[in-house]
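First up is the structure itself, then whatever we jot down about it.
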Amino acid sequence: MQNNTFSTLFVGQNLIKLKEVDSTNNFLKELVSKSEPLPEGTVIMADNQIAGRGQQGSVWQTQAGKNISTSVYLKPSFLPLNKQFYLNIAVSLAVSDTLSHFIPEGIKIKWPNDIYHLDRKLGGILIENILTGAFIKSSVIGIGLNINQKDFADNISHRATSVIQILQKEVQLDVIIQKLFVFMEKYYLILKSGNFSILQNIYLEKLYDFGVTATYKQNGEVFEGIITGVDDTGKLLMNINGSQRSFNFKEIEFTHTK
């Protein structure tokens, strides 16, 4: 454990840096499972994450030392289960604001948990909650961001991007991490205060394809729809031919993204 000089109250004040790990989320979950209690805001960072995971088991590919692979431990026991998607909203806004500080235009949150620049993926979020009854006991929040990686595997190069590709210059990882922790704490404290409508409104402003007609796919069928919002449980709300529909995670594909 290390003490740090981040300008935060708790996020990142206990920072554990690793050279290599299978997954920062797995490492942090193992720490949580041990008897010694971890302080809220504990952060795991890895230079190289060899088995990073995305939503529902998809793989997150990253080059060693080039990107941000980190996990944050929070204890949002104040948040009822029917509001748990607001934690996703708060984290997404923190990551979005962090990247927008360096990239002034084009940063969007693609439902439910990807960060895009224009039509390419710049980062992803994976939140794993430990539940007690009707509340969240603790959360392990994994964040992966493409920062100084210039090249990607052929099968994803057409739909992935990085800060260095966008700005055509390197950005120090520590500088981005500093901003990320500050914004994480900001939005987490808004969440803790119960200002759900504020989070919802900002989230919709930053939501990829919100309010525009675009094409989507469900069970092999392609259709046009307009995203109208996201409900408290995280379902995507969409207007399709004048009718309101809702979709769970992985029920629908964005067909027009690269």
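The values are calculated or read from the model by the stated rules, or taken from the named source; none is laboratory data. The model shown is predicted, which means the values in this text are computed figures rather than measured ones. So basically every Cβ, Gly included, is an ideal-geometry build from the backbone, and we count neighbours across all protein chains shown. We work out accessible area using only protein heavy atoms, side chains counted, and drop any ligands, DNA or RNA first. Shrake-Rupley method; radii C 1.70, N 1.55, O 1.52, S 1.80 Å.
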- Treat each spin label as a single point 7 Å out from the Cα along the C-beta direction, and report the Leu18 to Val212 distance in nm. 3.9
- How far apart, in nm, are two points set 7 Å out from the Cα along the Cα-to-Cβ line at Glu105 and at Asn201? 2.6
- Query: Ignoring ligands, DNA and RNA, what accessible area per residue does the chain give at 1.4 Å, in Å²?
  - Reply: 47
- At 37 °C and 0.692 mPa s, the Stokes-Einstein diffusion coefficient in µm²/s for the stretch 212-254, with hydrodynamic radius from the Kirkwood sum on alpha carbon pairs, is 314
- Message: Which of the three applies to the chain, rounded, prolate or oblate, going by the alpha-carbon gyration tensor with a ≥ b ≥ c and a/c under 1.5 meaning rounded?
- Response: oblate
- Gain on full stretching of the segment that runs from Lys137 to Glu36 - 0.36 nm per residue minus C-alpha separation: 34.8 nm
- Hey, what D do you get for the stretch 156-202 in µm²/s if you plug the Kirkwood alpha-carbon radius into Stokes-Einstein at 25 °C and 0.890 mPa s? 185
- Query: Got a number for carbon plus sulfur as a percent of the stretch 8-141's accessible area, 1.4 Å probe?
  - Reply: 52
- Item | Positive-end residue of Leu199, His158, Ser246, charge dipole of the chain with Cβ unit charges | Leu199
- Task: First compute the accessible area of the stretch 212-254 with a 1.4 Å probe, then give the percent of it belonging to carbon and sulfur atoms.
- Result: 41
